[in-house]
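All remarks here apply to the structure that follows.
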Amino acid sequence: MELSPEEYGAYWRASIYVAAGIVIAFLGTRLTSPLLSHPNAGAIGLGVFLFVTVIFASTFIAMLGVARVVRTAVDAELRR
């Protein structure tokens with residue numbers, strides 16, 4: 001599969017999206033872990049809300065990157 005410079009750049013941007021999603025998920029779990037281990041119910045509720053929100057956002061960002069990789073690969077194969 002031969003890639004044009006634009007397609008090669010699209011792969012790099014997509015890998016940045018995937019890496020950003022993973023980093024956000026990691027930092028989100030580190031951020032919310034003190035709230036989830038707190039004895040107060042309000043803190044646990046806030047921790048669960050933040051955890052779900054951060055994981056949803058990071059998964060969305062990572063899937064944007066995966067979709068861009070697949071789209072670029074399909075376009076490169078169809079062009080050939």
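Data for the structure
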{"item": "Arg30 being at pLDDT 90 or above, surrounded by fewer than 17 Cβ atoms within 10 Å (Cβ to Cβ) and basic (Lys, Arg)", "result": "yes"}
{"item": "Some residue of region 1-17 being exposed (fewer than 12 other Cβ atoms within 10 Å of the Cβ), in a loop (DSSP other than H, G, I, E, B) and among the hydrophobic types (A, V, I, L, M, F, W, C)", "result": "yes"}
{"item": "Matching residues in region 39-78 - criterion: being within 23 Å of Phe26 (Cα to Cα) and among the β-branched types (Val, Ile, Thr)", "result": "Ile44, Val48, Val52, Thr53, Val54, Ile55, Thr59, Ile61, Val66, Val69"}
{"item": "Region 52-77 residues that are in contact (Cβ under 8 Å) with a residue 40 or more places away in the chain, paired with ones that are outside any helix (DSSP H, G or I) (beta carbon under 9 Å, 6 or more apart)", "result": "Thr72/Leu3; Ala73/Met1; Ala76/Met1; Ala76/Glu2; Ala76/Leu3; Ala76/Ser4; Glu77/Met1"}
{"item": "Pairs where the first residue, in region 21-39, is in contact (Cβ under 8 Å) with a residue 24 or more places away in the chain and the second is part of a helix (DSSP H, G or I) and basic (Lys, Arg), C-beta under 9 Å, 6+ apart", "result": "none"}
{"item": "Unique match (being within 22 Å of the chain's Cα centre (by Cα) and more than 16 Å from Ile55 (Cβ to Cβ)) among Ser4, Ser15, Ser33, Ser37", "result": "Ser15"}
{"item": "Any hit, region 29-40, residues being among the hydrophobic types (A, V, I, L, M, F, W, C) and touching a Ser or Thr at 6+ places or on another chain (Cβ under 8 Å)", "result": "no"}
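The values are calculated or read from the model by the stated rules, or taken from the named source; none is laboratory data. As the structure is a prediction and not an experimental result, all values here were calculated from the model. Please note: Cβ atoms are built from the backbone with ideal geometry, for glycine as well, and neighbour counts cover all protein chains shown.
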